[in-house]
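> First the structure, which I've put down as C-alpha cells, then a few questions once you've had a look.
The values are calculated or read from the model by the stated rules, or taken from the named source; none is laboratory data. Just so you know, these numbers come straight off a predicted model, no measurement behind them. In this analysis, Cβ positions are derived from the backbone assuming ideal geometry, glycine residues included, and neighbour counts consider all displayed protein chains. Ligands, DNA and RNA are excluded from the accessible area calculation, which covers all protein heavy atoms including side chains. Shrake-Rupley method; radii C 1.70, N 1.55, O 1.52, S 1.80 Å.
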Amino acid sequence: MRRTVFPHRLLPWLLLAPQLAITLIFFYWPAAQAFRQSMLKEDPFGLSSTFVGLANFRKVLSDPNYLNSVQVTAVFSASVAFLAMSIALFLAVQAEKIIRGKGFYRTLMIWPYAVAPAIAGMLWLFMFNPSFGTLARPLRVMGINWNPLLNADHAMILIIAAATWKQISYNFLFFVAGLQAIPRSLLEAAAIDGASRRHSFWTITFPLLAPTTFFLLVVNTVYALFDTFGIIHAVTGGGPGKATETLVYKVYNDGFVNLIMGESAAQSVILMVIVIALTAFQFRFIERRVHYG
Amino acid sequence: MAEAPDSPIAARASERLIAHFWMVLGVIVVAFPVYYVFIASTHTTQTILRPPLPLIPGPEAAANYRDAFSGGVSRIGGVSLWRLLANTTIVALGIALGKIAISMASAYAIVFFRFPLRMVCFWLIFITLMLPVEVRIQPTYKVMVDLGLIDTYPGLILPLIASATATLLFRQFFMTIPDELLEAARVDGAGPWRFFRDILWPLSLTNVAAIFVIQFIYGWTQYLWPLLVTNSNEMNTIVIALKKMISFADADTPWNLVMVTSVLAILPPILVVVLMQRWFVKGLVETEK
C-alpha cells in the first residue's frame, strides 16, 4: 500500500472522468439494455414490446439452431486453441535450441499478429479457393473434391486453419518467454542423471510451463470465441447452411440480419456470462500464481 | 536463451540443424500467405485466375499499384485508396492514443490519490476487462444511433477505447514506483502535474510504446464494429472495403486491385510490429500476464 499520496480531492475525479464516462455510456448502459431487451418481445418494426420474462432464454436454449451453433463453437474453439498452442509450443522449443538467427525467425514469425482476422480469412480462402486457389489444385489432384464454399467440413477446416495461423505468433512469443524462465539447473541436473531430452521435456519443462499454458488457454478461447468473427463473416458467412455459425456470428445474424431482437439479446447475455466465467477462472488462477511468486 | 556450449543441455550441432529445419518450415507456413498476396498483387487478373500462381513477382506491379491509387475502386463507390488508408489510420491512431490518454489519467488517479469510492471506481473499470464489444453489439449500436455517431470518426473510435486493459497495465506499473520517489518530489514542491511530467512520464515510455503497438494493431484490425457503424463507403476502413470488393462468385471482381488493397491493408500494421518489435514483445509478454 502506498503511503505517500497527493492530497487533492477534486483532481482525481477529473482524471477519472473520461474513462468513467466512456465506460458507463458504452459498457454499462448497453449491457443493462441487453439484459432488459432479453426479457422483452418486440414486434418486427420495433414499435411495441411486451415483457416476457425468461421466455427468450427458454426459446433460445431449446432452439436446434442455437444448439447447433454451440456445437460449432465448441469444435471450432477447441481446435483453434489446441492447434495454435501446440504448433507454437513446438516451434518455441525448436527456437530455444538455436544459437544463431533467433531474432530473424522471430521477426518472420510475428507477422500474422498484425494481420486483421478478416484479411487472414480472405488470404486463406484465396489460396484455397476451389476455382483458382493455387493450393486447392494439389488437393484436387490428390482426389479430394475440395470445396469449402459447398462442403461443411471443408469450410470448417478452412476457418480453423486461418484462425490458427493468425494466433500462432502470439502463442509463440509467450512460450519463448516461458521457456526462458525455466531454471537451467533443473534441466542440467536431469541431463546429468541421464534423462533423455524428451523425458525431461514432459516431466520438467511442460509442468513448469503450466502458468503460461493456462494463461494462453484462456486467451486463445476468448480469441476463438470473439475475435474470429471477421474470419467467419469474410470467408463463409456462417455457411454452408449453418455449418460455421458460431455463437457470436449468430448474435450478429439474429440481431442485425434477421432482426429478432429479444432472442439476440438473450444470446448476448449468455455470452456475457461465459466471458465472465472465463475471466473469473483466469483471475483465480493468476492470484495463485502471485502467491507462489 | 542458448546454452553455453559445455552445458549438458546445450543442443548438439545435429539437433540444432533439425531445429533450424523446423523453424524454416514454420516460418514458411507463417509468412507464406502474406508473401503470396504480395506476389498476386504484381500480376494481372488473368494470371491470378489461372493457377498455379508464379512464385516470383510479375511485371504488373507498377501498373496495378498505379491503378489502385489513381482509379478509385469502382466496387466500393469510387472511394479512393488514400481515403480508406486515411480512415484506418485515423481510427487506429485514435484508439491507440485515446486509450493511452484516458487510461494513464485514470490509473494515475487511482494510484497516486486517495478519495472516497476509489476502489468502487477501480472495480467499475476492472469488470469491463473482458467484455468485448462483440457481446453487446446490438445495444451499443443503438446508443450510437441515439447519439448520432453513425458514420463518424468518434463513432468508430469511442466505444473501442473503453477498455480496462491499458488502465490495469498502467496501474500495475505505477504501483512499482517507489514511495521514496514521490516523497522526494513532494519535498521539492512538485505537484501532481510536475511529478507526472518530470518523473512518471519518462519512466513510463517503454510501457507507452508497448501499449501503443498493441492498441494500434487492435484498432487497425477491427472488423465487426466498423462494419456496423459505417453505412457510407466514404467512412469505411480498408478491411471493410476489402470485404465489400470481393465476391468469389462474381466474375468481374478486379482481383489484381483486390490484391493491392490487401497488401496495403496488411503492410502498415506489420511494419509497426516489426519496427517496434523490441518494445512490443517485451510489453506484450511482460504486461499482459
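> Checking A:Leu216 against (1) touching a helix residue (DSSP H, G or I) at 6+ places or on another chain (Cβ under 8 Å); (2) assigned to a helix (DSSP H, G or I); (3) at pLDDT below 80, which test does it fail?
Looking at each condition in turn, A:Leu216 falls short on (3).
> Still on this structure, please answer the following. Name the residue that is most open to solvent (accessible area, probe 1.4 Å), counting only residues in region A:247-283 that are at negative phi and outside any helix (DSSP H, G or I).
Going through the qualifying residues, I end up with A:Asn258.
> Please name all residue pairs, on different chains or six or more residues apart, with Cβ atoms under 9 Å, provided the first residue is in region A:195-210 and is basic (Lys, Arg) and the second residue is assigned to a helix (DSSP H, G or I).
A:Arg197/A:Ala191; A:Arg197/B:Glu15
> Consider A:Thr244 carefully, then state whether it is away from every other protein chain (no Cβ under 11 Å) and buried (at least 19 other Cβ atoms within 10 Å of the Cβ).
Here the answer is yes, as A:Thr244 does meet what is asked.
> For region B:274-282, state whether one or more residues are under 20 Å from B:Asn87 (Cα atoms), open to solvent by 30 Å² or more (accessible area, probe 1.4 Å) and modelled with pLDDT of 85 or more.
Among the residues of region B:274-282, not one is under 20 Å from B:Asn87 (Cα atoms), open to solvent by 30 Å² or more (accessible area, probe 1.4 Å) and modelled with pLDDT of 85 or more, which makes the answer no.
> Going through region B:150-169 one residue at a time, which ones are in a loop (DSSP other than H, G, I, E, B) and of a type in the set (A, V, I, L, M)?
Within region B:150-169, B:Ile150, B:Ala162 qualify.
> In region B:155-171, which residues are more than 10 Å from chain A (Cβ to nearest Cβ) and at pLDDT below 85?
Within region B:155-171, B:Thr165, B:Leu168, B:Leu169 qualify.
> Which of the following residues is out of contact with any Ser or Thr (no Cβ under 8 Å at 6 or more places or on another chain) and either assigned to a helix (DSSP H, G or I) or open to solvent by 20 Å² or more (accessible area, probe 1.4 Å) (or both): B:Leu124, B:Leu97, B:Leu84, B:Leu129?
Going through B:Leu124, B:Leu97, B:Leu84, B:Leu129 in turn, just one is out of contact with any Ser or Thr (no Cβ under 8 Å at 6 or more places or on another chain) and either assigned to a helix (DSSP H, G or I) or open to solvent by 20 Å² or more (accessible area, probe 1.4 Å) (or both): B:Leu97.
> Residues that are more than 30 Å from B:Thr237 (Cβ to Cβ) and open to solvent by 30 Å² or more (accessible area, probe 1.4 Å), at least 2 per element: which helices (runs of 4 or more DSSP H) completely within region A:101-196 meet that?
Hits in region A:101-196: A:102-109, A:136-141, A:152-180, A:184-192.
> Looking at (1) open to solvent by 80 Å² or more (accessible area, probe 1.4 Å); (2) out of contact with any helix residue (DSSP H, G or I) (no Cβ under 7 Å at 6 or more places or on another chain), can you tell me which one B:Met175 breaks?
For B:Met175, the failing item is (2).
> Identify, from the list A:Ala32, A:Ala81, A:Ala17, A:Ala74, the residue that is surrounded by fewer than 17 Cβ atoms within 10 Å (Cβ to Cβ), more than 9 Å from chain B (Cβ to nearest Cβ) and not in a loop (DSSP other than H, G, I, E, B).
So the residue among A:Ala32, A:Ala81, A:Ala17, A:Ala74 that is surrounded by fewer than 17 Cβ atoms within 10 Å (Cβ to Cβ), more than 9 Å from chain B (Cβ to nearest Cβ) and not in a loop (DSSP other than H, G, I, E, B) is A:Ala74.
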